[in-house]
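Here's the structure we're looking at; comments come further down.
The values are calculated or read from the model by the stated rules, or taken from the named source; none is laboratory data. Worth saying up front: this structure is predicted, and the values here are computed from it rather than measured. Reconstructed Cβ throughout: ideal geometry from the backbone, glycine too, with neighbour counts over all protein chains shown. We work out accessible area using only protein heavy atoms, side chains counted, and drop any ligands, DNA or RNA first. Shrake-Rupley method; radii C 1.70, N 1.55, O 1.52, S 1.80 Å.
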Amino acid sequence: MILSLAAAAAMSSGSGSSLNSSSPLDPFDFSTSWSLAEDPSNSSSEPVQTLTPDLQPATTAVAVQEVSPWDIALCVTGTLISCENALVIAVLFYTPTLRAPMFILIGSLAVADLLAGLGLILNFVFTYLVDSSVEFVTLLSVGLLISAFSASVLNILAITVDRYLSLYNALTYHTERTVTFTYVMVVFIWVSCLTLGLLPALGWNCLRDESTCSICRPVTKNNAVALAVTFLLVFALMMQLYLQICKIAFRHAQQIAVQHQFVAISTTKGVSTLSAILCAFGACWLPFAMYSIVADSSYPVIYTYATVLPATCCSVINPIIYAFRNPDIQKSLWMACCGCVPSNLSLRPRTSSDV
């Protein structure tokens with residue numbers, strides 16, 4: 001766009017200089033308009049009309065792309081996502097004690113959300129500051145977003161599985177869930193998500209046939225439906241796992257508790273936390289997944305924005321749910337900010353009520 005504006009300005013200045021010079025007028029120059037006038041040299045009774053040029057400055061219309069408020073909202077959301085998750089990554093990286101499998105998964109989730117935020121910012125830059133007609137730019141932007149958001153969803157699923165195993169195999173969990181096994185699982189997640197992100201660049205796009213586009217160009221309708229159905233399966237698996245976690249938490253509470261009032265309060269807190277996590281995840285992603293199945297590129301774009309924006313907000317909520325609520329991460333944040341730990345900060349080990 002910047003290059004086209006510069007070229008238009010150069011053409012305008014060039015035409016102006018040619019009019020001021022002594023070069024003959026070009027009758028095919030569209031910047032010169034012609035009008036009818038009487039020839040004063042003709043002495044006959046009937047006036048003869050001749051064509052004389054009306055020298056008027058040529059005007060060049062330059063189309064300026066209007067910035068959509070929805071794109072501004074997505075860019076602001078991406079900036080907030082990037083700042084939050086960069087803070088989580090910095091805390092995990094500079095705190096040697098946070099190397100347990102649970103923190104590795106939280107760090108992987110933070111990296112995924114950080115890339116998602118950067119993808120939203122780059123998408124805004126590519127749309128308004130770079131020529132978006134270049135296929136490489138479009139494929140790079142959509143590939144980054146697909147990989148990042150897919151990794152975010154799969155890392156949330158991995159954290160859910162980890163919490164389920166920590167309760168189901170409480171006695172053998174710390175021996176079976178080694179750091180090496182967690183790293184292998186994280187590598188598998190990222191390889192799968194990067195493969196999904198490369199599919200549009202490998203030909204799975206609608207750049208050659210616009211009629212096959214989904215609500216998110218250049219992803220095809222079939223690919224968007226496949227991704228949406230996969231997400232629904234992941235969400236159903238998460239619901240089943242959280243239901244099993246609630247059952248195990250209630251059973252453990254009934255077996256080991258002595259004070260019934262404390263058990264009821266503690267277990268109720270755990271169930272409410274699980275419900276909040278699941279409801280937030282579903283409220284963010286379900287509208288976009290369902291709309292991707294039923295809609296295509298012919299639908300109004302405002303509906304796409306209205307479903308994409310809540311989905312991106314899930315990456316804003318993730319650091320709060322999975323990182324900032326953790327007492328160990330809270331302690332590291334307080335130490336980094338003011339060099340002290342508040343007395344009301346609980347440093348007790350996490351139990352089933354904290355999942």
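Structural remarks
- Filter result (over 18 Å from the mean Cα position of the chain (by Cα) and of a type in the set (Val, Ile, Thr)) within the range 190-219: VAL191, THR212
Results for (1) in contact with a strand residue (DSSP E or B) (Cβ under 6 Å, 6 or more places away or on another chain); (2) of a type outside the set (Phe, Trp, Tyr); (3) farther than 20 Å from PRO69 by Cβ; (4) in a loop (DSSP other than H, G, I, E, B), shown as yes or no for each residue.
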residue	(1), (2), (3), (4)
ALA276	no, yes, yes, no
SER297	yes, yes, yes, yes
TYR303	no, no, no, no
CYS313	no, yes, no, no
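- Residue that is in contact with a Leu (Cβ under 8 Å, 6 or more places away or on another chain) and open to solvent by 50 Å² or more (accessible area, probe 1.4 Å), where the choices are LEU202, LEU227, LEU243: LEU227
- Considering residues of the range 71-126 that are of a type in the set (Ser, Thr, Tyr) and in a helix (DSSP H, G or I) only, the residue most open to solvent (accessible area, probe 1.4 Å): THR79
- Test: residue in the range 130-150 that is open to solvent by less than 30 Å² (accessible area, probe 1.4 Å) and in contact with a Ser or Thr (Cβ under 6 Å, 6 or more places away or on another chain): no
- Within the range 79-103, considering residues that are among the β-branched types (Val, Ile, Thr) and touching a Gly at 6+ places or on another chain (Cβ under 8 Å), the one farthest from LYS331 (Cα to Cα): THR79
- Summed over the range 205-224, residues that are closer than 18 Å to THR304 by Cα, open to solvent by 50 Å² or more (accessible area, probe 1.4 Å) and not basic (Lys, Arg) total 4.
- Check on LEU109, within 18 Å of the chain's Cα centre (by Cα) and modelled with pLDDT of 90 or more: yes
- Of the residues VAL91, VAL125, VAL142, the single one that is at negative phi and without any contact (Cβ under 8 Å) to a residue 60 or more places away in the chain is VAL125.
- The set of residues in the range 151-197 being in a helix (DSSP H, G or I), of a type outside the set (A, V, I, L, M, F, W, C) and open to solvent by less than 50 Å² (accessible area, probe 1.4 Å) consists of SER152, ASN155, THR160, ASP162, ARG163, TYR164, SER166, TYR173, THR182, SER192, GLY197.
- Subset of the range 296-329 that is under 15 Å from LYS221 (Cβ atoms) and touching a Lys or Arg at 6+ places or on another chain (Cβ under 9 Å) - its residue that is surrounded by the most Cβ atoms within 10 Å (Cβ to Cβ): SER297
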